[in-house]
Amino acid sequence: MRRHLGAFILFLCTAFSLVAAPPVAAAPADPRVSDIRAWTNEIYTRVAIYTGDEVSWQANTLGAEPLLGLPPRIFIDIRGAGIRDGILHKPVEIRNGLLRQVRGGRFDRDTVRVVIDLERESTFRVFALPGPFRIIVDIDGEGVIPALPPSPGPVAADPSPEDPVPSPAAPTASPEIPPSVESPRVAASPPSPLRKQRLRVMIDPGHGGKDPGAIGSTGLKEKDVVLEIGRRVREKLSRSGEFDVRMTRDEDVFIPLEERTAMANKAGVDIFVSLHINASRNRRAEGYSTYVLSRGASNREDLELAARENGVPVRKLQGVKFIIDDMFTGARKNESLRLAKTVNDAIVRRVSTRYPGAKSLGLKQAPFYVLVGARMTAVLVEASFISNAREEARLRDPSCLDGIADGVVEAVRYYGQNGILAHSDN
């Protein structure tokens, strides 16, 4: 009996432990600088600092210190974040005549500092994008380092002029690229030749890869439709030899929004056209619209559309208002407005030859992240509603896709012949 009693007590202890000690959920990981990437040519560089979760940050500058052998620097202090070990010892080497490198390290116990070593003093802008959170630094190869406005995060302690982030003696390989990022860490290009007469155009089929975009009731995916339209635009524009046509993606891959704009800036294109298909909770919504970048939207539906295309809640759009006001003014916006109207009118006219009564929703403005920081004339097309059963069926018709592509081609050609390129003045 003593043996049975012992076995019974052991059973009770085991059963109690199974009920009373459920698995402890893993604590959420703290934000950390997990990757630093750059896209560059000899007069422009975009640096993206990925932290995953939202962090408090502040940007500032330090002038050159020749006696110490230190160049002018931009630095970003990030509070309450960690940093991946590989970044501590392996800076991102650029050395394009504008930037030397980007390096990261611990400034103090609570602060990670990312330092951008410049070859020469340059103008720049710093802003953050959510979902996932990343800090973007756009650097122009002209001018002097300006005073920065207050950043969204709390002000950190005054930075030490000693700039304590270490730099290794010799260049080393860049840290491993996370699986979710599908492009090279540094896309450096050789110095560009003298400007040719051919108009340079970047076609940007939205979404892709893990991001299908909007999906129609029969399963048609926005990412597939816009890729097919983009290929048709490229083929049609390339026939005459008058255009240098490129695409942000030519296959089903995911490309972050900030990288799409950076690719266009790096290539020095004249026109950027981002292709999308609209969707609405109202299944009867229909029509075609073309957008330019704006800090706000004229109605709730346009704001919700921008939030969906940006992959964030509507409330997150508030954070980019101040940078849009500063970055998108003057000639570039005027030229973008002209191109957007021309594109939309041409698409509706072309599609109407096959489907009479195609509806134009006209020229609109909204805060699309993919247009933020574009250094050229840039528009975003919403070519019908995939949520509307009739328009979804049309998007399966090659003649409709041809009509959309023909409209884009017609507008780009007209713009190239009659427009005064804002990009040419930069």
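Rule-based calculations on the coordinates, nothing more; no lab input. Note that the coordinates shown come from a computational prediction; the quantities given were computed from them, not determined experimentally. Cβ: placed from backbone, ideal geometry, glycine included. Neighbour counts: every protein chain shown.
How much of the calculated P(r) for segment 52-115 lies past 20 Å, in percent of all Cα pairs?
Taking all Cα-Cα pairs of segment 52-115, the fraction more than 20 Å apart is 32 percent.
Based on the Cβ-Cβ distance from residue 85 to residue 228, what FRET efficiency comes out when R0 is 45 Å, to the nearest 0.05?
With R0 = 45 Å, the Cβ-Cβ based efficiency is 0.55.
Once you place label points 7 Å from the Cα toward the Cβ at residue 337 and residue 246, how far apart are they in nm?
In this crude label model, residue 337 to residue 246 measures out at 2.9 nm.
Add +1 for every Lys or Arg and -1 for every Asp or Glu among the other residues with Cβ under 15 Å from the Cβ of residue 406, and state the total.
Residues close to residue 406 contribute a combined charge of +4.
Just in segment 220-277: which GluC sites (Glu not before Pro) are loop by DSSP and have at most 11 other Cβ atoms within 10 Å?
Listed in order of number, the matching sites are 251.
State the percent of C-alpha pairs, over all pairs in segment 234-296, separated by a distance greater than 14 angstrom.
Roughly 71 percent, rounded to a whole number.
Can you compute the FRET efficiency between residue 282 and residue 123 using 1/(1 + (r/R0)^6), with r the Cβ-Cβ distance and R0 = 30 Å? Round to the nearest 0.05.
E(calc), rounded to 0.05, equals 0.10.
For the pair residue 211 and residue 360, what calculated FRET efficiency results from E = 1/(1 + (r/R0)^6), where r is the Cβ-Cβ distance and R0 = 41 Å, to the nearest 0.05?
Given R0 = 41 Å and the Cβ-Cβ separation, E is 0.90.
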